[in-house]
Each structure stands twice: as C-alpha cells, then as structure tokens.
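Below is one structure, written out as structure tokens; comments come after it.
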Amino acid sequence: MQIIPAIDLLQGSCVRLHQGDYDQVTRFSEDPVAQALEWQRQGASRLHLVDLDGARSGEPTNDSAVRAITAALSIPVQLGGGVRSLERAEALLSFGLDRVILGTVALEQPELVEQLAARYPGRIVVGIDARNGKVATRGWITDTDTEATSLAKRFEGLGLAAIVSTDIATDGTLAGPNLTALRAMVEASSTPVIASGGIGTVSDLLSLLPVGVSGVIVGRALYDGRVDLAEAIAALGEARLQDVT
C-alpha cells in the first residue's frame, strides 16, 4: 500500500480545504515545487496533485506549477481537478504527468473515460468523491443521487490505473478514514482503490491494510506534522513483514 502525499493547488499555493469547503482554506506553502521535492526526499514513491481552481471552475490556472513540479521530480505524479475533456487530459499528460484523474466527467461523460482509458491504458484514474455514499461533483459543490459504488462498477474492465475514493465528510478532518465506505468500494470494483480522506495518525494508515486498498493519499496530517512520511512508510513496511511471518 503506497502512501501518497497530496499537494492541493489553489492560486499557485499549497493549501488544504476542510471537508471540501473553499471558505475554509489553510495555506501551507507558497512554493509547491519545494514541497514536492521534500515529499520525494522523505521517501514518497508517488505524488498526488489536485488543481482546486480547475475543480471549481474548470479553468487551468495552475499549469505552470504543475509543469514545474513534474520537471523537478523523478517519481510519478498524478493530477485531478478540472479534467473535463479529451484535450485537457492529453495536455496534462504532455506535461509529464504519469496519470490524470477524471472526476466530474466520470459521471457526466462516462464515454470520455472509456475513450481515454482505451487511448492511454494504465494512465487514467477515476476520482469518486462521495458525501454520505453519494457522488459529489464540480469540486464537491454539486451533490447527486448516484451511489459511489454504482459509478465504480460502471467502469469495470476498462484497464483503469485506479479509483481514488474520497470521503468528503472525513477529508481534512484528521478523524480517521471511512473504513466502511472503502470496504464497499473495494468489494464493488476489481480496479485498484486508492483511499483519500481522514488520515490523522499512523494508526489510521495501518487500519487500511486489511481493507485491501492499493494506496492512501495523505495531506493535512503530513503538513501538520501528525504523520512523519518516512516513519509512516517504515511502519507500513514492518506491518507487512509481520503479516508475512
């Protein structure tokens, strides 16, 4: 299970939102490239970027930061937020990103997911953001009646790289992951599931091991110092070793 540090970009800065609320913003760094390099130095094997401006408006306002990050790092980088067309996805992949994440369009234009997955096998991720089990779109602003697990099943067999399953109620709260929702998602889809939302301690990370997720995105806990990335990676390695023996 990979621990994937998150950098959420808002107007070129590293920030975190509380439960997806753009009115509750905490700024952590004005230099996202330096922050990305620090996570790589501490042992990250992948970086997760979110273009919050793109998620909210669909406008690509953080492309210069994205280009700079991918140019500076040697580890793979994935990005979500505002990827709502074939042209936008291809532009982002041309920046050096390893994967792009489709969120809103996965619900509104599922045929685009199919098209991109066929054209770029293993490089397309579907991001499913849920509030009370129902999909929320457009930067978590719009609630829908679609069950998150039903949307995951819609994309079975496409060769997606992963599904990023985000529980909005726990995101940015440090209160622990929604294990029930994550188990349901893992059971609903054969696509690897990456957990997102609620991680506050190393114990929270360890609680995900039996769930069967392939990775976990961690944001606020790293920035607040509640989780040390290098120590967390070592703790997961020790836990896996104990399971083997």
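Below, the figures for the structure above:
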quantity: Identity of the residue in the stretch 80-111, open to solvent by less than 10 Å² (accessible area, probe 1.4 Å) and in a helix (DSSP H, G or I), that ends up nearest to Thr70 (Cα to Cα); calculated: Leu92
quantity: Whichever residue in the stretch 68-79 is of a type in the set (Val, Ile, Thr) and closer than 16 Å to Ile101 by Cα and, among such residues, is least open to solvent (accessible area, probe 1.4 Å); calculated: Val77
quantity: Residue satisfying all of: in the stretch 112-124; among the hydrophobic types (A, V, I, L, M, F, W, C) and either in contact (Cβ under 8 Å) with a residue 60 or more places away in the chain or part of a helix (DSSP H, G or I) (or both); surrounded by the most Cβ atoms within 10 Å (Cβ to Cβ) among these; calculated: Leu116
quantity: Residue list for the stretch 1-31, restricted to those being open to solvent by less than 10 Å² (accessible area, probe 1.4 Å) and out of contact with any strand residue (DSSP E or B) (no Cβ under 9 Å at 6 or more places or on another chain); calculated: none
quantity: Residues of the stretch 24-45 classified as touching a Leu at 6+ places or on another chain (Cβ under 9 Å) and in a strand (DSSP E or B), total; calculated: 4
quantity: Condition met for Ala195 (open to solvent by less than 10 Å² (accessible area, probe 1.4 Å), in a strand (DSSP E or B), touching a Leu at 6+ places or on another chain (Cβ under 7 Å) and modelled with pLDDT of 95 or more); calculated: yes
quantity: Which listed residue is in contact (Cβ under 8 Å) with a residue 24 or more places away in the chain, in a helix (DSSP H, G or I) and either within 29 Å of Lys153 (Cα to Cα) or within 16 Å of the chain's Cα centre (by Cα) (or both), from Ala175, Ala221, Ala235, Ala239; calculated: Ala221
quantity: Test: Val164 is assigned to a helix (DSSP H, G or I) and not charged (D, E, K, R); calculated: no
quantity: Scope the stretch 32-67; condition acidic (Asp, Glu), open to solvent by 40 Å² or more (accessible area, probe 1.4 Å) and under 21 Å from Asp143 (Cα atoms); matching residues; calculated: Glu59
quantity: Qualifying residue in the stretch 138-145 (condition: free of Cβ contacts under 8 Å to residues at least 12 places away in the same chain, in contact with a Lys or Arg (Cβ under 9 Å, 6 or more places away or on another chain) and assigned to a strand (DSSP E or B)); calculated: yes
quantity: Only one of Gly82, Gly96, Gly103 that is at pLDDT 95 or above and under 21 Å from Leu47 (Cα atoms); calculated: Gly96
quantity: Matching option when the condition is within 18 Å of the chain's Cα centre (by Cα), of a type in the set (Lys, Arg) and at negative phi, among Arg99, Arg119; calculated: Arg99
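Per-residue answers, yes or no, for (1) touching a Ser or Thr at 6+ places or on another chain (Cβ under 8 Å); (2) surrounded by fewer than 22 Cβ atoms within 10 Å (Cβ to Cβ):
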position	(1), (2)
Thr137	yes, yes
Thr146	no, yes
Ala152	yes, no
Leu160	yes, no
Asp167	yes, no
Thr173	no, yes
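The values are calculated or read from the model by the stated rules, or taken from the named source; none is laboratory data. Computed from a predicted structure; not experimentally measured. Note that we place each Cβ from the backbone using ideal geometry, even for glycine, and neighbour counts take in every protein chain shown. These area figures cover heavy atoms from the full protein model, side chains too; ligands, DNA and RNA do not enter into them. Shrake-Rupley method; radii C 1.70, N 1.55, O 1.52, S 1.80 Å.
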